[in-house]
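Below is one structure, written out as structure tokens; the observations come after it.
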Amino acid sequence: MDDAHVSETTQTTQTLPLIPLDGVVIFPYTVVTVPLTEEVEAAAHAAMKENQLALVVAYRRDAPSDAPLALRLHRVGVVARIEQIGRLPNGVTGMVVRGLVRAELLEQTQDHPYPRFSYVERHDQFERTEELEQLMTEVHAAIDAVLELRPGIPQEIRNFVRSINDPGHLADNTGYSPDYTFEERQDLLETFDVVERLRKVLAFYRKQLALMDVQARIRQEVQDAAARQQREFYLRQQLRAIQKELGEDDTEADELAELREKLEAANLTPAARKEAERELNRLSRMNSASPEYQMVRTYLEWMAELPWNKTTGAPIDIAHTRQVLDEDHYGLQKIKERILEYLAVRQRRQTLADEHERVREPILAFVGPPGVGKTSLGQSIARALGRQFARMSLGGVRDEAELRGFRRTYIGSQPGRLIQELRRAGTSDPVILLDEIDKLGHDYRGDPAAALLEVLDPEQNDTFTDHYLNVPFDLSKVLFIATANTMDTVPPALRDRMEVIELSGYTEDEKVHIAQRHLIPKQLRANGLRPEEIIFEEEALRIIIRDYTREAGVRNLERQIGAVLRKVTRRKVEEDSETTAPVIINGSFVRAALGRPRFFNEAKERIDQPGVATGLVWTPAGGDIVFVEASVVEGNRELRLTGQLGDVMRESAEAALTYVRSRAHTLGIEPRFFDTHAVHIHVPGGAVPKDGPSAGITMATALASAATGRLVRDDVAMTGEITLRGRVLPVGGIKEKVLGAHRAGINTIILPRRNEADLDDLPPDVREALTFVPVETLDEVLAAALLPHPAATISNLFGTTPQGELASEEPSRTGVATPGRT
């Protein structure tokens, strides 16, 4: 049998050390370098002692990691000779392994110190036939075709493949192609039939050849498309030249002419006109299919649509403006007066200014709690001036490019929001409201507040340059109005560019008028009711204001009115009656509709023991009251402060304690009382951070009350900074604090004497309803705030004065004023 190659499978069982490999398949007739890990080191050295032979088998990828070794291995590997063990060029210890023959694992005969398996060798069996020769020829041709299409393959590799005559050797050598997956290599190793193995190799390379043909075709199509676009560009240029010679025109030329007309009608500034002409000339030389053509055209459309010198503002009419402001807003008299003063000054400046002198608009900033009408004031100003109104919400804006625009080098770039709002308004003198300017953010992309420095500076904003337009745009005609809840978070440089107008909270009477004039008609329309269908009593409104809302503005009041009117709408729909009798909304109807009251008069209910005093606080939502609790217990000399108090407030507490200790004798406190007692001051609402010096006299009063056992008057609230000498220093936010105390049901306010001037800002009805006690020293505060000692009644019967009654103070020094006067 000269034409046959027959090698029987070895049936004798042998054992060899086993070297498992992860993700690597070794074929017979091949030499591979693998790293020598700790896992296989023992088996490799044992193999070197046994004719350098070892079993090399790959791990199964679908086997669990905690399974026995025999179950984690493929059943077919190779018997390999370890040619060499040493250090590889990359510095890692490895070994050179030569595959000899396929081996089928039988069973594991040893586990430690290295695995050992029995196996059966599986030699190739084939008979050289005409079919086998034809198959080898096709495999050679397929491999050669793939190598020919793959760049960078040396000629030596192609010659080596062509020289392989053994069919098994040929199939196994192809297994190292980088296109094979691990599963395909293992399947090829487990195919013992040589003819079947060759068929798999032929199918694999034919698939690779088809894939490479598709890739080559796609690559050629891309090249042809690029060449076609280039060819079309030259043809269009030639066609344009021919049409120009013939006096004809095309659609593209019409579009360019239309764009040129728009730019001429836009009344551009000289700098903008120069840039537009340059870009228009570039556009006329571009291919319309080019991406840059669309970018330039979009830029020119923006330039043509911006209101460069188009104004719509009506002449200033002070009487009309006053009428509009009174129609839209109730109260806010000082704010309205300031706005009218601003408009009057602007009118006079326009009259007296030289025609070449630029009239610059100041920047107004409305600062106040939510819901007091800051945004609606801006709308009213725009309506009074006959200008367009645009609102920009700046809350959460972190990217400076949102205001200044994106440069045209980026795909999809566009101007900033300022330029967008100007195009949307269609005029160069709109009223732009910069809402929530105190909530601007900043991060690695820039600081929007810094970008606003140029926008809000009347000396610079006439040359504002947007990154997208890249030409100056005049913003000096724009009336900018900013709104904020607090100016604390606004950078000083930005705050310096604005004229701040503070809006305080509304009083109860103002809220009643606002509800009757604005909120109820608005909610009637929103809930499908007619004015004649309801009668909303004033007392019902006051119940909503007192028991269901406690805010500086009227937003929550409007929501509660809407909730009441929805009950009316539902009743009418469910009854489906034709009765025309109006529904009377009184106090009982409100309580039935809104449920139990949400706010109570805490001042009179909570102060029922010594050590509790009522203070006044300022918040972005308006003024409010706060309770300061002090407790004195036996123990070591200690001062404990709780309630999330800031550093300034903690220092005020220490100053208050020191002053009370210094006045212990006058207050009737044992001299060594504080040496044997611990003091704990707590401000409820522990989840809310608190800070500031204005609670100084409140904490001192609470301490004095706790140490003497005298109650603090529950109708008194106080504010003021304390010094170690007992002086009471002025504080801020008096108007808001007083309004908050009035809403909470407080009757008497103790405040620093140097803050008396701030009382002029209060509404007359509030001043008439409250009693103000201006003080200069803490002794006056204690005399006005502390109730007499329980023993005072008994003492008065015998004509004596208790020790804790501040006997040395004259009644005239209490500073208690009559209601409505200071």
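The values are calculated or read from the model by the stated rules, or taken from the named source; none is laboratory data. Keep in mind that this is a model prediction, so the values were computed, not measured. Glycine also receives a Cβ, built like all others from the backbone with ideal geometry; neighbour counts cover every protein chain displayed. Areas reflect the complete protein model, heavy atoms only, side chains present, ligands, DNA and RNA absent. Shrake-Rupley method; radii C 1.70, N 1.55, O 1.52, S 1.80 Å.
Those residues that are within 14 Å of residue 716 (Cα to Cα) and either open to solvent by 20 Å² or more (accessible area, probe 1.4 Å) or out of contact with any helix residue (DSSP H, G or I) (no Cβ under 7 Å at 6 or more places or on another chain) (or both), I need them from the stretch 758-779; list them, please.
Kept after step one, since they are within 14 Å of residue 716 (Cα to Cα), are these residues of the stretch 758-779: 769-775.
Result: 769, 771.
Going by the structure shown, is residue 722 open to solvent by less than 10 Å² (accessible area, probe 1.4 Å), under 18 Å from residue 653 (Cα atoms) and touching a residue at least 24 places away in the same chain (Cβ under 8 Å)? Walk me through it before giving the result.
Values: open to solvent by less than 10 Å² (accessible area, probe 1.4 Å): no; under 18 Å from residue 653 (Cα atoms): yes; touching a residue at least 24 places away in the same chain (Cβ under 8 Å): yes.
No: the conditions fail for residue 722.
Pick from the stretch 121-148 the residues that are open to solvent by 20 Å² or more (accessible area, probe 1.4 Å) and touching a Ser or Thr at 6+ places or on another chain (Cβ under 9 Å): which of them is farthest from residue 213 (Cα to Cα)?
Step by step, filter the stretch 121-148, then rank; the result is 121.
Could you tell me how many of the residues in the stretch 301-320 are acidic (Asp, Glu) and assigned to a loop (DSSP other than H, G, I, E, B)? Step through it out loud before you land on a result.
Residues of the stretch 301-320 that are acidic (Asp, Glu), as a first pass: 301, 305, 317.
Those left that are additionally assigned to a loop (DSSP other than H, G, I, E, B): 317.
Matching residues across the stretch 301-320 total 1.
Can you tell me how many residues in the stretch 473-500 are in a loop (DSSP other than H, G, I, E, B), open to solvent by less than 60 Å² (accessible area, probe 1.4 Å) and out of contact with any strand residue (DSSP E or B) (no Cβ under 8 Å at 6 or more places or on another chain)?
Just the residues of the stretch 473-500 that are in a loop (DSSP other than H, G, I, E, B), to begin with: 474-478, 485-491, 497-498.
Filter once more, keeping what is open to solvent by less than 60 Å² (accessible area, probe 1.4 Å): 474-476, 478, 485-487, 490-491, 498.
Then keep just the ones that are out of contact with any strand residue (DSSP E or B) (no Cβ under 8 Å at 6 or more places or on another chain); that gives 476, 491.
Selection size over the stretch 473-500: 2.
When the residues of the stretch 174-226 are narrowed to those that are not charged (D, E, K, R) and not in a helix (DSSP H, G or I), which ends up surrounded by the fewest Cβ atoms within 10 Å (Cβ to Cβ)? It would help to see each step written out before you state the result.
Taking the stretch 174-226 and keeping what is not charged (D, E, K, R), we get 174-178, 180-182, 186, 188-189, 191-192, 194-195, 198, 201-205, 208-212, 214-216, 218, 220, 222-223, 225-226.
Narrowing further to those that are not in a helix (DSSP H, G or I): 177-178, 180-181, 191-192.
On the way: 177: 16, 178: 4, 180: 18, 181: 8, 191: 18, 192: 16.
The residue in question is 178.
So, residue 560, is that one in a helix (DSSP H, G or I) and open to solvent by 60 Å² or more (accessible area, probe 1.4 Å) or not? Outline the logic, then answer.
Numbers: in a helix (DSSP H, G or I): yes; open to solvent by 60 Å² or more (accessible area, probe 1.4 Å): no.
So residue 560 fails the test.
Using the structure shown, decide if residue 171 is under 59 Å from the mean Cα position of the chain (by Cα), surrounded by 12 or more Cβ atoms within 10 Å (Cβ to Cβ), assigned to a helix (DSSP H, G or I) and among the small types (Gly, Ala, Ser).
Working: under 59 Å from the mean Cα position of the chain (by Cα): no; surrounded by 12 or more Cβ atoms within 10 Å (Cβ to Cβ): yes; assigned to a helix (DSSP H, G or I): yes; among the small types (Gly, Ala, Ser): yes.
So residue 171 fails the test.
Is it the case, given these coordinates, that residue 37 is surrounded by 12 or more Cβ atoms within 10 Å (Cβ to Cβ), more than 24 Å from residue 193 (Cβ to Cβ) and modelled with pLDDT under 85? It would help to see each step written out before you state the result.
On the way: surrounded by 12 or more Cβ atoms within 10 Å (Cβ to Cβ): yes; more than 24 Å from residue 193 (Cβ to Cβ): yes; modelled with pLDDT under 85: yes.
Yes, satisfied.
Matching residues to (1) surrounded by fewer than 15 Cβ atoms within 10 Å (Cβ to Cβ); (2) hydrophobic (A, V, I, L, M, F, W, C); (3) assigned to a strand (DSSP E or B):
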| position | (1), (2), (3) |
| --- | --- |
| 17 | no, no, yes |
| 29 | no, no, no |
| 47 | no, yes, no |
| 55 | no, yes, yes |
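All but one of (1) in a helix (DSSP H, G or I); (2) at pLDDT below 85; (3) open to solvent by 30 Å² or more (accessible area, probe 1.4 Å) hold for residue 277, so report the exception by its number.
That leaves (2) as the condition not met.
Can you tell me which residues in the stretch 381-414 are at positive phi and touching a residue at least 24 places away in the same chain (Cβ under 8 Å)? Write out each step before concluding.
First, pick out the residues of the stretch 381-414 that are at positive phi: 386, 396, 405, 412.
Listed by number, the residues that qualify are 386, 396, 405.
Provide a single number: the residues in the stretch 546-555 that are part of a helix (DSSP H, G or I) and either in contact with a strand residue (DSSP E or B) (Cβ under 6 Å, 6 or more places away or on another chain) or open to solvent by 40 Å² or more (accessible area, probe 1.4 Å) (or both). Break it down stepwise before answering.
Restricting attention to the stretch 546-555, the residues satisfying the condition of being part of a helix (DSSP H, G or I) are 546-548, 555.
With the extra rule that they be either in contact with a strand residue (DSSP E or B) (Cβ under 6 Å, 6 or more places away or on another chain) or open to solvent by 40 Å² or more (accessible area, probe 1.4 Å) (or both), the set shrinks to 546, 555.
Here the count works out to 2.
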